[in-house]
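Enquirer: Before we start, here is the structure in question, set down as structure tokens.
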Number of protein chains: 2
Amino acid sequence: MNDADAWPTGLPVRADGRRTHEHLLVAAQKTFAEQGTDASLREVARRAGVSIATLYRHFPTREALLQTLLQHGFDKLRARAADLIASLDPGQALVAWIRELALVSARYDGLPASVMAALQDPGSTLHSSCAGLRAAADDLLARAQRSGHIRADLDADQLLAAVNAMAWATRQASWTADAGDRFLSLLIEGLTARPIRPT
Amino acid sequence: MNDADAWPTGLPVRADGRRTHEHLLVAAQKTFAEQGTDASLREVARRAGVSIATLYRHFPTREALLQTLLQHGFDKLRARAADLIASLDPGQALVAWIRELALVSARYDGLPASVMAALQDPGSTLHSSCAGLRAAADDLLARAQRSGHIRADLDADQLLAAVNAMAWATRQASWTADAGDRFLSLLIEGLTARPIRPT
DNA sequence: ACCTGAACACCGTTCAAGT
DNA sequence: ACCTGAACACCGTTCAAGT
């Protein structure tokens, strides 16, 4: 019941606990992939072969589960930002990163909404990961804007919202893979600065 | 129980029935506005002061409720398409219509998703309204594309998805009104055809 | 013609009790 | 240290029974 009863290191110490942990993650991965991020947690527990109370013991919130499933992808994405800045010009770096972010965000139905919610809610277990994404977006965007290739009337939060919106659109119908690319290319064209045209 | 027991004309015939109908609509409007399109229907019934079974008698599905709330807006939007085609050049007509559609679609949280679902599901009560929107979008888009002002690699379904995605984005954070405009302008810039640039 | 109470199967969340 | 059954308050949906 008390805090000392929680996982000391972030992982269960006993072998049976670690097996349960792993089973829960596999079950959650499958269930979220099939039914989206707001699938039934009872269903996840059922697939893992444990009680719903056990799921709650290992992952106190749905976001904690998501965080564990997504952390690797998010961390890599943050690192990618640095790589891209080093190897490409500012505009191309931003565009390449946006494409990778959209892929991660479209992994589960409902994930774009979860990411947007986590950005705003400091209490979410996903919050620090998403704040990391914002920091990366901020870097890339600021450079691209200074270079003059990207419109200036946009901040990192709006950029993340727009990318997630495209990931959302991709998930809304059963489209071919390159329909997803098309949504993204719409956004990217829209981001690109160009001479003023008559309105 | 049988079909003859349903509303013969689409409206209750007795005065008390019509009052209940109206109360349900007012309650649904408020509840959806506050909590989004997937708010509790029991809550709606509670606010209307009737039993949940009565709500189901008047509106057999959540979509039926939405359809009644949105039909006016959707019908006007279809008519607007004809007006805009008559009074503006093809590119401007499409852009103006897109702005109006985005306003309607952002009325409730969750509405963009409902619209996308209704487009794909012929069984949805919202389907015919949404199919009407697609027909309008089809007209406007085809003309704009023939005029050469709008990129050609896009169909009406993808256009509707993209506009709804921007409505979705606007709803995801508590943004100022013109952040919504900015999302839309990103899309509109992206739609606009322009000379090929080096990739 | 219209309304309701009650039921059913589900869900998220918590807690005392077991090993 | 770890797991479970059972409870609570909710939800969507349906149906028999009332006026």
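The values are calculated or read from the model by the stated rules, or taken from the named source; none is laboratory data. Since the model is a prediction, treat every value here as computed from it, not as a measurement. When we count neighbours, we look across all protein chains shown, and the Cβ atoms used for this are built from the backbone with ideal geometry, even at glycine.
Enquirer: Counting only residues that are surrounded by 20 or more Cβ atoms within 10 Å (Cβ to Cβ) and more than 12 Å from every other protein chain (Cβ to nearest Cβ), which one in region B:107-119 is nearest to residue B:191 (Cα to Cα)?
Expert: Only one residue tops the list, namely B:111.
Enquirer: May I pose another question? Residue check, residue B:17 against (1) in a helix (DSSP H, G or I); (2) closer than 30 Å to residue B:157 by Cα; (3) within 13 Å of DNA strand D (Cβ to nearest atom); (4) not assigned by the TED database to the domain that holds residue B:123, all met but one. Which one?
Expert: The single condition residue B:17 does not satisfy is (2).
Enquirer: Taking the stated definitions as given, is residue B:129 facing chain A (nearest Cβ under 9 Å) and either part of a helix (DSSP H, G or I) or surrounded by fewer than 18 Cβ atoms within 10 Å (Cβ to Cβ) (or both)?
Expert: Numbers: facing chain A (nearest Cβ under 9 Å): no; either part of a helix (DSSP H, G or I) or surrounded by fewer than 18 Cβ atoms within 10 Å (Cβ to Cβ) (or both): yes.
No; evaluated as a whole, the condition is false for this residue.
Yes or no, residue by residue, for (1) in contact with a helix residue (DSSP H, G or I) (Cβ under 8 Å, 6 or more places away or on another chain); (2) surrounded by 22 or more Cβ atoms within 10 Å (Cβ to Cβ); (3) not polar (S, T, N, Q):
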{"site": "B:121", "(1), (2), (3)": "yes, no, yes"}
{"site": "B:156", "(1), (2), (3)": "yes, no, yes"}
{"site": "B:160", "(1), (2), (3)": "yes, yes, yes"}
{"site": "B:167", "(1), (2), (3)": "yes, yes, yes"}
{"site": "B:170", "(1), (2), (3)": "yes, yes, no"}
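Enquirer: Given the conditions (1) within 13 Å of DNA strand D (Cβ to nearest atom); (2) surrounded by 20 or more Cβ atoms within 10 Å (Cβ to Cβ); (3) not acidic (Asp, Glu), which single one is not true for residue A:91?
Expert: Here residue A:91 meets the rest and fails (1).
Enquirer: Next question. Between A:39, A:45, which is away from chain B (no Cβ under 14 Å), within 16 Å of DNA strand C (Cβ to nearest atom) and assigned to a helix (DSSP H, G or I)? Walk me through how you get there before you give the answer.
Expert: Values: A:39 fails: assigned to a helix (DSSP H, G or I).
Just one listed residue meets the conditions, A:45.
Enquirer: Could I ask something else about it? Can residue B:69 be described as within 13 Å of DNA strand C (Cβ to nearest atom), away from every other protein chain (no Cβ under 14 Å) and of a type in the set (A, V, I, L, M)?
Expert: Answer is no for this residue.
Enquirer: Search region A:50-66 for residues being assigned to a helix (DSSP H, G or I) and more than 8 Å from DNA strand C (Cβ to nearest atom), and hand back the single one that is nearest to residue A:9 (Cα to Cα). Explain how you work it out, then say what you get.
Expert: Quick first cut of region A:50-66, residues assigned to a helix (DSSP H, G or I) only: A:52-58, A:62-66.
Now drop any that are not more than 8 Å from DNA strand C (Cβ to nearest atom), which leaves A:54, A:58, A:63-66.
On the way: A:54: 18, A:58: 12, A:63: 18, A:64: 15, A:65: 16, A:66: 18 Å.
Among them, the one singled out is A:58.
This table checks each residue for (1) assigned by the TED database to the domain that holds residue A:132; (2) in contact (Cβ under 8 Å) with a residue 24 or more places away in the chain.
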| residue | (1), (2) |
| --- | --- |
| A:30 | no, no |
| A:43 | no, no |
| A:47 | no, no |
| A:52 | no, no |
| A:70 | yes, yes |
| A:96 | yes, no |
| A:105 | yes, yes |
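Enquirer: Give me a count of the residues in region A:8-51 that are over 28 Å from residue A:104 (Cα atoms) and either surrounded by 15 or more Cβ atoms within 10 Å (Cβ to Cβ) or under 25 Å from the mean Cα position of the chain (by Cα) (or both).
Expert: Count: 2.
Enquirer: For region A:146-168, give me each residue that is part of a helix (DSSP H, G or I) and either charged (D, E, K, R) or over 22 Å from residue B:170 (Cβ atoms) (or both).
Expert: Within region A:146-168, A:146, A:157 qualify.
Enquirer: Of everything in region A:169-188 that's assigned to a loop (DSSP other than H, G, I, E, B) and of a type in the set (S, T, N, Q), which residue is farthest from the other protein chains (Cβ to nearest Cβ)?
Expert: We begin by selecting, within region A:169-188, every residue assigned to a loop (DSSP other than H, G, I, E, B); these are A:173-176.
Applying the additional criterion that residues be of a type in the set (S, T, N, Q) yields A:174, A:176.
Numbers: A:174: 8, A:176: 11 Å.
Only one residue tops the list, namely A:176.
Enquirer: Could you count how many residues in region A:32-69 are more than 15 Å from DNA strand D (Cβ to nearest atom) and more than 20 Å from residue A:127 (Cβ to Cβ)?
Expert: Result for region A:32-69: 5.
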